[in-house]
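The values are calculated or read from the model by the stated rules, or taken from the named source; none is laboratory data. Quantities reported herein were computed from a predicted structural model and do not represent experimental measurements. Note that each Cβ is placed from the backbone with ideal geometry, even for glycine, and that neighbours are counted across all protein chains shown.
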């Protein structure tokens, strides 16, 4: 669902960039105000996991593939404001390091996946928990909120492309929605399974509204980082080379309605690892795995450093 450059006009680029800037600024203030110490390592780990997970396209139907967005996954674990920041960092790294998503379209991609995906999906999850109480309601909310985040992001993506005159809304809407309703099933399933696994093995890492008061505030997170990175490295080495090569939902719709020719043939800003292939390496699987490792480390460090800075400011404010 990463919009490339060439599909959006100037007014859409400016509007979505302003919305995204305001939302990120608001998220920074919220996270700085409420940053618990345990979020510092988890923000980095969540960013690395989301980055790698988005590399793993799964086949959907009719030669179309999809991948995890992960906005609800991060938002349920860390809160929607942290979700916005983590997702934005992932999208920025994907754009400039891997040419995944356009530079001018970055504001739109952040708005769709980081903001609409995180906030919209999270509050749908919260609404479901009101209707269905108990732990069962929590996981029903996670599944439905994750599915909804994919569909909502695709609706915004379609609206932006239609507002830019790239595709007629009456054609783009049913095509994009139907594909991403299917992709959303995978999103909901993966998100629910990951959070369920965390809840069963390390309930102290789950958000308070899932598992109750934090029973292990002072528990070290070295083991979390070690095992988390082991899983991420395993996905990079053993799974990413076999990810589906079918086009994703937006690429499929662009090919169907003939506006793929509007995509710029070359990125506006040269990317050192375009298309997730480290140059100069003969083995395709090795080049992909190495690109995944570089990206995972990059988003981990950026998210970890940002969380550390915000956490330090929070502690300073509390001691004053």
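Looking only at segment 162-176, which residues are out of contact with any helix residue (DSSP H, G or I) (no Cβ under 8 Å at 6 or more places or on another chain) and part of a helix (DSSP H, G or I)?
Applying the first criterion (out of contact with any helix residue (DSSP H, G or I) (no Cβ under 8 Å at 6 or more places or on another chain)) to segment 162-176 yields 165, 170, 174.
Scanning segment 162-176 gives 170, 174.
Here are 298, 289, 307: which of them is farther than 22 Å from residue 87 by Cβ and surrounded by 12 or more Cβ atoms within 10 Å (Cβ to Cβ)?
On inspection, the qualifying residue turns out to be 289.
What are the residues in segment 118-141 that are touching a residue at least 24 places away in the same chain (Cβ under 8 Å) and more than 24 Å from residue 84 (Cβ to Cβ), if any?
135
Tell me, please, whether a residue that is assigned to a helix (DSSP H, G or I), without any contact (Cβ under 8 Å) to a residue 24 or more places away in the chain, under 22 Å from the mean Cα position of the chain (by Cα) and surrounded by fewer than 16 Cβ atoms within 10 Å (Cβ to Cβ) can be found in segment 142-161.
no
Any idea which of 39, 103, 60, 76 is buried (at least 24 other Cβ atoms within 10 Å of the Cβ), more than 19 Å from residue 233 (Cβ to Cβ) and in contact (Cβ under 8 Å) with a residue 60 or more places away in the chain?
Matching residue, one of 39, 103, 60, 76: 76.
For every residue, the table says whether it meets (1) farther than 23 Å from residue 181 by Cβ; (2) part of a loop (DSSP other than H, G, I, E, B); (3) within 12 Å of the chain's Cα centre (by Cα).
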site: 69; (1), (2), (3): no, yes, yes
site: 75; (1), (2), (3): no, no, yes
site: 81; (1), (2), (3): yes, no, no
site: 84; (1), (2), (3): yes, no, yes
site: 89; (1), (2), (3): yes, no, yes
site: 95; (1), (2), (3): yes, no, no
site: 103; (1), (2), (3): yes, yes, no
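Looking at 25, 46, which is the one that is buried (at least 20 other Cβ atoms within 10 Å of the Cβ) and in a helix (DSSP H, G or I)?
Answer to the check: 46.
Please note which helices (runs of 4 or more DSSP H) are completely contained in segment 177-284 and include at least 1 residues that are surrounded by 11 or more Cβ atoms within 10 Å (Cβ to Cβ) and at pLDDT 80 or above.
Result: 222-238, 249-257.
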